[in-house]
Amino acid sequence: MSESDNHESSVNPSPREASSAASRRVESNAARDPAIRLGIAAVMLIGMGLWCFHDRNKYEPPAAWDMKHINEASKYAFNHFGAFVFVPPGAALVLWMLVFLRRKLIADQDGIGYAGKEKIPWGSITKLDTSQAKSKGILQLHYGDGKVLKLDNWKLTNFRELISLVESKIPSDKM
């Protein structure tokens, strides 16, 4: 095979290569870094709430709720009500982290979308916004009536494969 044959085969893929590219499927799971940050914040909030719950009997109510007794009042309020203030947001962050970790973006020949949600057909995408691609690693797929699907390389795995599939499916006039 000559060098020109190699170049020609890479520009014009064989029918087998073209069909494999057309039937390609990319699954992008949630990246772990954002979930780890949510988990750290959740542990801090829940730990603070448990600490306040543990220390709630150490501080007596202030003699009076005025400015002269502000330190005693703040210690009492923080330790008695801190468990109710810190634990619910910490539990909400744990739930948010679990939902985030279960998300999976699937792109195939039919379209792109999160598993269990509406799949966006490739033909309904009106614009591919790449203005933040180099600086932040974010692509936005505009579709429907002003709807946007945001693809973020910090939140998704297999981002390069996903982007190559998206670029192969969207016509250049929509980019």
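The values are calculated or read from the model by the stated rules, or taken from the named source; none is laboratory data. All figures in this text were calculated on a predicted structure; none of them were measured in a lab. Ideal geometry is used to build each Cβ from the backbone, glycine not excepted, and the neighbour counts take in all protein chains shown.
Being of a type in the set (D, E) and outside any strand (DSSP E or B), is that true of even one residue in region 149-160? Even if it seems obvious, please write down each step before you answer.
Of all residues in region 149-160, those of a type in the set (D, E) come to 152.
Keeping just the survivors that are outside any strand (DSSP E or B) gives none.
Checked region 149-160: no residue is of a type in the set (D, E) and outside any strand (DSSP E or B).
Among residues of region 147-167 being within 16 Å of I106 (Cβ to Cβ) and of a type in the set (S, T, N, Q), the one that is nearest to the chain's Cα centre (by Cα) is T157.
Residues that are surrounded by fewer than 17 Cβ atoms within 10 Å (Cβ to Cβ) and among the polar types (S, T, N, Q) were ranked within region 26-67; the one that is nearest to V166 (Cα to Cα) is N29. A single member of T130, T126, T157 is among the hydroxyl-bearing types (S, T, Y), under 24 Å from L101 (Cβ atoms) and in contact with a strand residue (DSSP E or B) (Cβ under 9 Å, 6 or more places away or on another chain), and it is T157. Evaluating G82 against the criteria (1) small (G, A, S); (2) under 28 Å from R37 (Cβ atoms); (3) exposed (fewer than 12 other Cβ atoms within 10 Å of the Cβ) leaves one unmet condition, (3). On the basis of being assigned by TED's automatic domain parsing to the domain that holds L165 and either at pLDDT 90 or above or in contact with a Ser or Thr (Cβ under 7 Å, 6 or more places away or on another chain) (or both), does T130 make the cut? Considered against the rule, which asks whether it is assigned by TED's automatic domain parsing to the domain that holds L165 and either at pLDDT 90 or above or in contact with a Ser or Thr (Cβ under 7 Å, 6 or more places away or on another chain) (or both), T130 comes out as no.
If the condition is being touching a residue at least 24 places away in the same chain (Cβ under 8 Å), over 21 Å from R24 (Cα atoms) and surrounded by 15 or more Cβ atoms within 10 Å (Cβ to Cβ), then region 105-157 contributes only K155.
Within region 133-146, restricting attention to residues that are under 25 Å from R102 (Cβ atoms) and in a strand (DSSP E or B), which residue is nearest to the chain's Cα centre (by Cα)?
If we filter region 133-146 for residues that are under 25 Å from R102 (Cβ atoms), which is where we start, we get 136-141, 143-144.
Among the residues that remain, those that are also in a strand (DSSP E or B) are: 138-141, 143.
Working: I138: 11, L139: 13, Q140: 14, L141: 15, Y143: 19 Å.
So the residue we want is I138.
Name every residue in region 23-65 that is assigned to a loop (DSSP other than H, G, I, E, B) and more than 25 Å from F86 (Cα to Cα), in order of residue number. Explain how you work it out, then say what you get.
First pass over region 23-65, keeping only residues assigned to a loop (DSSP other than H, G, I, E, B): 23-25, 31, 55-65.
Matches in region 23-65: S23, R24, R25, A31, A63, A64.
For region 135-159, the set of residues classified as at pLDDT 90 or above and of a type in the set (D, E, K, R) consists of K136, K147, K150, D152, K155, listed by residue number.
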